[in-house]
Amino acid sequence: MTIAPTDYHAIRARIEAASAAAGRPPARLLAVSKTKPAAAVRALAAQGQEAFGENYVQEALAKQRELADLALEWHLIGPLQSNKCREVAQHFDWLQSLDRAKLVTPLARQRPAGRAPLNVLIQVNIDDEASKSGCAPAAVEELATLVAAEPALRLRGLMAIPQPLPDLARRRIAFERMAELFEALRVRHAGIDTLSMGMSDDFELAIAAGATMVRIGTALFGARQAL
Ligand SMILES: *Cc1c(COP(=O)(O)O)cnc(C)c1O
């Protein structure tokens, strides 16, 4: 599979333009490579992309093995089951989907001593959807306190996947509520710097509302096949 160089640079240019319009430094781009082969990751890495997001632990580990010659930054963005904490602590740089307290200690204990702390985002179920993972907005503070107390973990901020409503004004409200939660959290955790929200079809809206990292799959790699 090939990635047209213009796709990558056009997306980067749109991120930079939206960030400049919002008066902020360029949002970071996380390339979401779930269901895509290692060769597609390698092709994008050759253009300068370093951070890649995966939803499934086993699929990510297989790609990491194939791409071990590259210095890439791996993010888990899919729901985390407790029996996968060890693999995540050992093999990822970021966990974007922490949503419950009982995962905190296993992740911290199993982070290898020689590695930098695992960067952690708390996933918030901002639209209160029964089908989605993520903690309730009211649970963020307590979870953040637990993460911040673990030297093997580094609290970086929040992540959300708002409901993909066709009405963009309503999506914008969810992004703005996330930005408020993020600013409120920053009062007590001055070191946090990452608000991860916005995907292929709404990343500019998310950046306007305050996203500092956008997660883009389809617009970079093309449509996904069903698994
Ligand atoms: C798949 C996925 C994305 C990327 O979605 P696209 O619409 O393909 O850009 C971003 N974030 C999460 C959590 C995902 O699961």
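What the table below lists for this structure:
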| quantity | calculated |
| --- | --- |
| Spherically averaged projected area in nm², based on the convex hull that wraps the Cα atoms of the chain | 12.1 nm² |
| Value of [θ]222 nm, deg cm²/dmol, for the chain, DSSP H segments ≥ 4, -39500 (n - 2.57) each, nearest 500 | -12000 deg cm²/dmol |
| q = 0.24, 0.27 Å⁻¹, region 18-84: log10 I(q)/I(0) [Debye, one scatterer per Cα] | -1.00, -1.18 |
| Surface accessible to a 1.4 Å probe, per residue, for the residues of region 71-142, Å² | 44 Å² |
| Gain upon complete extension [ALA71, GLU142; 0.36 nm per residue less C-alpha separation] | 22.2 nm |
| Inter-label distance for TYR56 and ASP193, nm, one decimal - labels placed 7 Å from Cα along Cα-to-Cβ | 3.4 nm |
| Under the span-like rule (Cα at least 20 Å along the axis, Kyte-Doolittle mean at least -0.5), DSSP H helices of the chain | 5-21, 168-188 |
| 20 °C / 1.002 mPa s Stokes-Einstein diffusion coefficient of region 36-146, Kirkwood radius on C-alpha pairs, µm²/s | 144 µm²/s |
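The values are calculated or read from the model by the stated rules, or taken from the named source; none is laboratory data. Predicted model, so just to flag it, every value in this text is computed and none were measured. Note that each Cβ is placed from the backbone with ideal geometry, even for glycine, and that neighbours are counted across all protein chains shown. Please note that ligands, DNA and RNA were not included when accessible areas were found on the heavy atoms of the full protein model with its side chains. Shrake-Rupley method; radii C 1.70, N 1.55, O 1.52, S 1.80 Å.
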